[in-house]
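See below for the structure under consideration.
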Amino acid sequence: MDIKKLISILIALQIICICVYSQSREELEKKRKQKEEEIRLTKKLLEETGEKQKKSIEYLNVLKNQIETRESLINTLRMETRYLSEEIAESQEILNSLQKDLNTLKKEYSSMVRFAFKTRNNYNKIGFILSASSFNQSYKRLKLLQNYSQYRKKQMHLIAQTGQAINGKINELNSKVVEKNVLLDVQNKEKSSLEQDKESENKVLGDLKKKEGQLKKELAAKEKIKAQINRQIEELIKKEIKPATTTKGSTTTFANTPEGKKLSFDFSENKGRLPWPVDKGIVSEKFGTHKHPTLDDVEVNNNGIKIVCPKNTEARAIFNGIVKNIINIPGSGKTVLINHGEYYTVYMNLDEVYVKPGDKVSTKQKLGKIKYDDKSGKTETELQIWRLTTKQDPLIWIMR
């Protein structure tokens, strides 16, 4: 195969590999930065917690979140390192091929130089042409000598081009090796931090186990208030949809207005892309039924997700809609219920509310200030999403 074509193919293959790797690397890098930002926020939230509050369930939940996030980050770093290793191996292979091509080009050029030396004057050139066995061969030799100078220049250009490609690839290779070493260093530091987090988790767990009776009483009180709020939310939604609901046999249909249908469609079309109900925060409790972090044989059920935020954080609407109700139960803060056609969103534990029933709200509009709990030292809200009377997992609706 022509050396020039071979170099072109190698460069093309290199570009393809770079595109494939860079796409994967970009995704991993984006994920890594998100996880690093989440760890920074979690660390800030943990640092804001007072010494007495470090023996609370809320503190433990945030710590658990940090451990999960750090484990995810370490896994992402491992994948990034693996991709870099593959890129380095690929680059080394291309470098070896280019070096082989360069050696071939130099060998061919050396033969041309020797031939040029033998025919360095006009007498030798004439002798070379006249020594041919036939006129046809003499003509070919003449044409060869005429093109020889140009061919040598082309060969020199190929040598220079290949040499530049090799130098570029060496620099790229060295850069990737440095990047890989940096990632490995970060990975080792994260592993060390993870071990420290796990030690802290075990200590908090041990402290909480000592006051199991008190925790059960506190949990029972919280669950009672939570059940009361959830009942009110469900009753309000049922009351809202009742006029537009008809039942025929075993089939129940909901007759929405044209405006409501459009709002429902727009809301559902943004599944997985809806903004968070806060500017900054981390999920402290997930949707559905799960085991209590410290109490054996005790399960906790959530109709939404709980999000811990920095102090003075404000809740915001995750989509355009109409405020339908403000629920106020003493000791639990205020709850805002917003309608989005067939969908409803709920924002709980607000200290101040900036909206009132009947208000039209837009995506990311501020709804109120989230309540700060002096006892736990946490600012926490709960987001619920309903489709008519069916509860949804908010994590599959909001951006991750």
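We did not get these values from a lab; they are worked out from the coordinates using the rules stated. Everything numeric here is computed off the predicted structure, so don't read it as measured data. No Cβ is skipped: glycine too gets one built from the backbone with ideal geometry, and neighbour counts run over all protein chains shown.
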Past the 26 Å Cα-Cα mark, which pairs from Lys198/Lys286; Lys55/Lys286; Lys30/Lys180; Lys211/Lys369? Lys211/Lys369
Tell me, Ile318, Ile166 in order of fewest to most beta-carbon neighbours within 10 Å? Ile166, Ile318
Would you pull out the residues with amide H under 5 Å of Gly368's amide H, same chain only if 5 or more places away, H placed 1.01 Å from N? Ala315, Tyr354
Gyration tensor verdict on region 185-269 (Cα atoms; rounded if a/c is under 1.5, prolate if a/b is larger than b/c, oblate otherwise): oblate
Under a straight-distance cross-link criterion of Cα-Cα below 15 Å, which aspartates and glutamates are reachable from Lys176, leaving out those fewer than 8 residues away in the same chain? Glu26, Glu29, Glu80, Glu86, Glu87, Glu90, Glu93, Asp185
